[in-house]
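Here, each number is a calculation from the coordinates, and none is a lab measurement. These figures come from a predicted structure and were not determined experimentally. Here the Cβ is made from the backbone with ideal geometry for all residues, glycine too, and neighbour counts use every protein chain on show.
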Amino acid sequence: MLVKCILIALFTGIMAIDNVGPQMWRRPLPISLVIGLILGDVTTAIAIGATLELTWLGLANVGGSSPADMIMGSAVGVSLGVITGGGVAAGIAVAIPVSVLAIQLGNIWTTIGIFIIHMADKVAEEGDFKKVQRLYFIQPTCIFLTYLILSFVAIYLGSAVLESLLAMIPTQFISAMSTAAGALPAVGLSILLTMMLKEKNLAIFLVLGFVLVAYLKLPMLAVALIGVVAAGMWDYISIIGQKTANAASSMETNDEEVDL
Amino acid sequence: MSKKNESTGGLLTKKDLRSMFYRLNFFNLSFNMERMQAFGFLFTMIPALRKIYENRPKVERANAIKRHLEFFNSQINATSLIVGVTAALEETTSETEKDSVIAVKTGLMGPFAGLGDGLLKFTWLPICASIGAALALEGNALGPILMFVMFNLMNLPTKWLGIHYGYHKGVSMFTGDAGKILIARVSNMANVLGLVVVGGMISSSIKLRTGLSFDIGESAIVIQDLLDKILPSLLPVLLTVFCYSFLKKTKRKHLVALIFGILIVGIILAMLGITR
């Protein structure tokens with residue numbers, strides 16, 4: 001168990017760097033796969049990861065502020081959900097509060113970063129690229145260590161605490177929790193919609209996607225492909241609409257010229 | 001200016017551009033609230049600046065560093081274009097013309113943030129995530145892997161191509177209406193695609209059914225069947241409409257309260273047997 005917790009903690013640290021770096025793996029679902037492999041229970045892990053992914057869909061770091069620390073939330077939530085046997089219910093119950101608390105971590109580093117960049121201002125006078133570059137790696141080192149240590153503590157110590165807590169809670173409550181968690185993707189989707197529905201007349205495309213799944217029961221990839229077709233058709237219609245408008249306005253000017 | 005490379009069209013070699021691509025993948029390492037991604041931008045530009053200012057006086061190097069430590073905030077994949085264009089500008093402007101470098105860089109960061117966010121974060125990523133999550137919820141470990149592959153098929157090549165294309169085209173890419181129209185068209189198409197997928201996910205990913213049924217005489221009326229006859233996935237639709245209105249009215253301020261609210265009400269309803 002100790003070794004597994006250390007491995008997960010290392011992975012969490014790496015994910016924190018991926019989050020500010022390549023951004024290739026850092027979402028709840030991929031994170032849950034690796035944690036599942038480390039803990040030997042992929043099915044439960046990715047079930048928790050998928051639920052978290054859908055809850056937090058459309059939640060992204062826009063303009064430097066984040067509403068939830070998905071790295072810490074996913075890592076601790078998935079790990080504890082699997083280790084304690086509490087499954088999706090326990091995973092979500094842990095992940096959400098942890099993700100909110102961990103935002104404060106981000107605030108600490110983005111504030112300390114101000115001092116670092118002022119140091120860079122001073123070094124800039126020397127015109128030395130290598131020297132400035134060295135300062136760039138201070139903050140990520142601290143970020144890595146913070147996520148490593150905190151996730152380890154949360155998971156290693158938290159599992160014992162959570163297990164005894166879960167033993168006291170009736171199973172009826174836990175299954176109720178799982179049912180409730182199934183509705184959470186509504187939050188993620190509506191967050192996404194607040195971003196996407198800026199052009200009101202495009203809202204009708206929601207109906208298309210809905211019908212394809214609710215009535216035709218098509219798999220998501222098929223829906224996405226039909227969506228591409230819809231996008232292409234919309235583009236074509238827009239272009240034609242633009243051309244007609246241009247033609248109409250140029251015809252008006254021609255009439256005026258003839259009227260002498 | 002000295003030798004021009006055939007392959008890149010300028011002073012920078014393929015190796016320089018490749019180095020900038022790697023550095024772009026570490027863009028937010030030293031993010032801070034005062035100047036946001038500025039340090040990352042400088043870090044990405046260093047291979048270009050090293051080459052361009054190779055034989056220039058120290059003060060010009062210092063100015064270049066200070067120039068690129070100024071405020072910057074945009075979306076990383078779209079920034080690849082800005083990085084390429086900025087490198088081209090640094091190369092082709094004299095020391096007195098450097099203001100235009102700052103002007104172009106600052107002018108592009110806003111619209112490109114919108115473009116990058118709209119295409120990648122709010123369209124492509126949710127599509128990959130929903131396909132992956134659907135598979136994972138069935139117990140298929142291919143789900144996360146598929147999501148990883150699909151997303152990074154866009155993530156990495158856009159960064160690579162952006163730098164090369166931006167550098168090659170220079171500023172000419174953005175002056176004139178053709179560029180603006182193209183950006184608007186692509187944004188709209190991405191928006192349509194995203195909406196179709198989200199519409200589908202309202203039905204596929206939200207699990208909300210009622211277990212209520214009434215006995216009348218000998219037959220039982222199952223409420224969920226009635227609801228399904230009106231509209232399949234009716235409850236998920238209603239819940240989404242509610243969440244959306246709530247978020248719009250509160251301007252997304254009480255997100256965590258919404259999540260906890262749904263959980264708590266959901267638990268109560270499930271324990272009462274109203275939902276299942």
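Which order results if A:Met119, A:Met220, B:Met150, A:Met168 are arranged by neighbouring Cβ count within 10 Å, fewest first?
Working: A:Met119 12, A:Met220 23, B:Met150 19, A:Met168 6.
The fewest-first ordering by Cβ neighbours comes to A:Met168, A:Met119, B:Met150, A:Met220.
Would you mind calculating the relative contact order of segment A:73-208 from Cα pairs under 8 angstrom and at least 6 residues apart, reporting the percent as a whole number?
Once divided by the residue count of segment A:73-208, the mean separation gives 28 percent.
Strictly over 31 Å apart at the Cα level, which of A:Lys243/B:Lys159; B:Lys66/B:Lys251; B:Lys121/B:Lys253; A:Lys130/B:Lys121; A:Lys200/A:Lys243; A:Lys130/B:Lys253 would you flag in this model? Write down the numbers at each step before the final one.
Numbers: A:Lys243/B:Lys159 34 Å; B:Lys66/B:Lys251 37 Å; B:Lys121/B:Lys253 20 Å; A:Lys130/B:Lys121 33 Å; A:Lys200/A:Lys243 22 Å; A:Lys130/B:Lys253 43 Å.
Pairs exceeding the cut-off: A:Lys243/B:Lys159; B:Lys66/B:Lys251; A:Lys130/B:Lys121; A:Lys130/B:Lys253.
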With the crude spin-label approximation of a point 7 Å out along Cα→Cβ, what separation in nm comes out for B:Ser213 versus A:Lys200? 4.4 nm
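Using R₀ = 22 Å, calculate the FRET efficiency as 1/(1 + (r/R₀)^6) where r is the Cβ-Cβ separation of B:Arg18 and A:Phe137; round to 0.05.
That gives a FRET efficiency of 0.60.
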The answer for the net charge of residues other than B:Gly266 whose Cβ lies under 15 angstrom from its Cβ, with Lys and Arg +1 and Asp and Glu -1, is +3
Relative to chain B, whose Cα atoms define the longest principal axis, helix B:14-24 and its Cα axis are tilted in degrees, nearest 10, by 40 degrees
Calculate how steeply helix B:125-137 sits against the longest principal axis of the alpha-carbon atoms of chain B, using the helix alpha-carbon long axis, and give the answer as 0 to 90 degrees to the nearest 10. 40 degrees
At 0.36 nm per residue, minus the direct Cα-Cα distance, what do A:Ser175 and A:Leu2 gain on full extension? Give it in nm, one decimal, please. 59.3 nm
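Between B:Val241 and A:Ala248, what FRET efficiency comes out of the Förster formula 1/(1 + (r/R0)^6) with R0 = 30 Å and r the beta carbon distance, rounded to 0.05?
0.20
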Tilt of helix B:234-249 relative to the longest C-alpha principal axis of chain B, in degrees (0 to 90, nearest 10)? 50 degrees
Exposure rule at most 13 other beta-carbon atoms within 10 Å, DSSP loop trypsin sites (Lys or Arg not before Pro): chain A longest free segment: A:1-197
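Shielding by partners for A:172-179, please: the mean number of other protein chain Cβ atoms within 10 Å of each residue's Cβ. Don't skip to the answer; put the middle values down first.
Working: counts 2, 3, 1, 4, 10, 6, 4, 11.
The per-residue average across the peptide is 5.
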Going residue by residue through segment B:79-84, the Karplus relation 6.51 cos²θ - 1.76 cosθ + 1.60 with θ = phi - 60° gives ³J(HN,Hα) values, rounded to whole Hz and with x marking Gly or Pro, of 4, 4, 5, 4, 4, x
Any idea how far apart A:Tyr215 and B:Leu156 come out in nm if each label point goes 7 Å out from Cα toward Cβ? 4.2 nm
With just the Cα atoms defining each centre, how far is segment A:79-93 from segment B:180-256? Give it in Å. 27 Å
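Net charge near A:Thr194: determine it from the other residues with C-beta under 10 Å of the C-beta of A:Thr194, scoring Lys and Arg +1 and Asp and Glu -1. Each step should come with its number before you reach the end.
Values: positive: A:Lys198, B:Lys248, B:Lys251, B:Arg252; negative: none.
In short, +4.
Where does each of B:Tyr165, A:Tyr147, B:Tyr22, B:Tyr244 land when they are ranked from fewest to most other beta-carbon atoms within 10 angstrom? Provide the component values of the computation, followed by the final result.
Details: B:Tyr165 15, A:Tyr147 26, B:Tyr22 12, B:Tyr244 19.
Starting with the residue having the fewest Cβ neighbours, the order is B:Tyr22, B:Tyr165, B:Tyr244, A:Tyr147.
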Just to be sure I understand: with springs between alpha-carbon atoms less than 10 Å apart, which residue in B:Lys58, B:Lys248, B:Lys98 has the highest mean-square fluctuation in the Gaussian network model of chain B? B:Lys248
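At a threshold of 8 angstrom on Cα-Cα distance, excluding pairs fewer than six apart, so keeping six or more, what relative contact order does chain A reach in percent? Kindly include the intermediate steps, with their values, before the conclusion.
On the way: 254 pairs, mean separation 55.7, N = 260.
Here the relative contact order equals 21 percent.
With 10 angstrom as the radius, rank B:Ser219, B:Ser30 by how many other C-beta atoms surround their C-beta, starting from the fewest. Mind dumping the intermediate values first?
Numbers: B:Ser219 8, B:Ser30 28.
Lowest count first: B:Ser219, B:Ser30.
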Centre separation in Å (Cα based) which lies between segment B:62-126 and segment A:18-40: 29 Å
Under 5 Å between amide H atoms, partner at least 5 residues away or on a different chain: which partners does B:Thr275 have, H built in plane at 1.01 Å? B:Gly211, B:Ala270
Among residues other than B:Leu226 whose Cβ falls under 15 Å from its Cβ, what is the net charge (Lys/Arg +1, Asp/Glu -1)? -1
